[in-house]
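One structure below.
The values are calculated or read from the model by the stated rules, or taken from the named source; none is laboratory data. Keep in mind that what you see is a predicted model, and the values were worked out from it rather than measured. Please note: Cβ atoms are built from the backbone with ideal geometry, for glycine as well, and neighbour counts cover all protein chains shown.
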Amino acid sequence: MGGLSKIMEDLPEGYGYVILTGVGSTFVNMWMGMNVAKARKQYEVAYPNMYSDNKVFNCIQRAHQNTLEGYPTFLMLLFVGGLQYPLTSAGAGTIYQLGRIAFAKGYSTGEPEKRRWGTFGYIGLLTMLGCSVGVAVRQLKLI
């Protein structure tokens, strides 16, 4: 228990917001997964099929899959950037997640071009990238 206490002491003030942003992203992913499950039932797409002849189902499935493909990058940038810039990283992570929701809602219409609704989320991702680079530069004492 002493090790965990030491880690908690060393985290910057406000890092809890970073953690809560990461936890919140779990709910976004679960929501997308539930959308896929509902669409499987609605469009009669049996497991283990990933796709079907139904364009709307495929768009719902791809929205979730695309989010999962970028999820490790999101989490790494969020948690690393938050070590030096916790409030900025948490805010940027929230913007990214809102972008993923807009992306999924647009894509799920069955009109793939509407996935662009979520493009603003990349502002959050790029901000977290900048924060993470800042942590690396600081740790390497390059500035």
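When the residues of region 113-125 are narrowed to those that are free of Cβ contacts under 8 Å to residues at least 24 places away in the same chain and part of a helix (DSSP H, G or I), which ends up surrounded by the most Cβ atoms within 10 Å (Cβ to Cβ)? So, considering only residues that are free of Cβ contacts under 8 Å to residues at least 24 places away in the same chain and part of a helix (DSSP H, G or I), the one surrounded by the most Cβ atoms within 10 Å (Cβ to Cβ) is GLY118. Can you confirm whether GLY130 is in contact (Cβ under 8 Å) with a residue 24 or more places away in the chain and on the phi < 0 side of the Ramachandran plot? Here the answer is yes, as GLY130 does meet what is asked. PHE57: within 20 Å of the chain's Cα centre (by Cα) and either of a type in the set (Phe, Trp, Tyr) or not in a helix (DSSP H, G or I) (or both), yes or no? For PHE57, the condition - within 20 Å of the chain's Cα centre (by Cα) and either of a type in the set (Phe, Trp, Tyr) or not in a helix (DSSP H, G or I) (or both) - is not met. Scanning region 61-112 for residues that are among the β-branched types (Val, Ile, Thr) and part of a helix (DSSP H, G or I) turns up THR67, THR73, VAL80, THR88, THR94, ILE95, ILE101.
Scanning region 30-51 for residues that are modelled with pLDDT of 95 or more, assigned to a loop (DSSP other than H, G, I, E, B) and closer than 28 Å to GLN97 by Cβ turns up just one, VAL45. Residue check: LEU20 meets all listed conditions (1) assigned to a helix (DSSP H, G or I); (2) surrounded by fewer than 14 Cβ atoms within 10 Å (Cβ to Cβ); (3) over 16 Å from the mean Cα position of the chain (by Cα) but one, namely (3). Considering only residues of region 4-17 that are under 23 Å from the mean Cα position of the chain (by Cα) and assigned to a helix (DSSP H, G or I), which is nearest to LEU83 (Cα to Cα)? Of everything passing the filter in region 4-17, TYR15 is nearest to LEU83 (Cα to Cα). Can you name the residue in region 96-112 that is within 16 Å of VAL56 (Cβ to Cβ) and charged (D, E, K, R) and, of all such residues, is surrounded by the most Cβ atoms within 10 Å (Cβ to Cβ)? Among residues in region 96-112 that are within 16 Å of VAL56 (Cβ to Cβ) and charged (D, E, K, R), the one surrounded by the most Cβ atoms within 10 Å (Cβ to Cβ) is LYS105. Only a single item in (1) of a type outside the set (A, V, I, L, M, F, W, C); (2) surrounded by 14 or more Cβ atoms within 10 Å (Cβ to Cβ); (3) within 22 Å of GLN139 (Cβ to Cβ); (4) within 16 Å of the chain's Cα centre (by Cα) is not met by THR73, and it is number (2).
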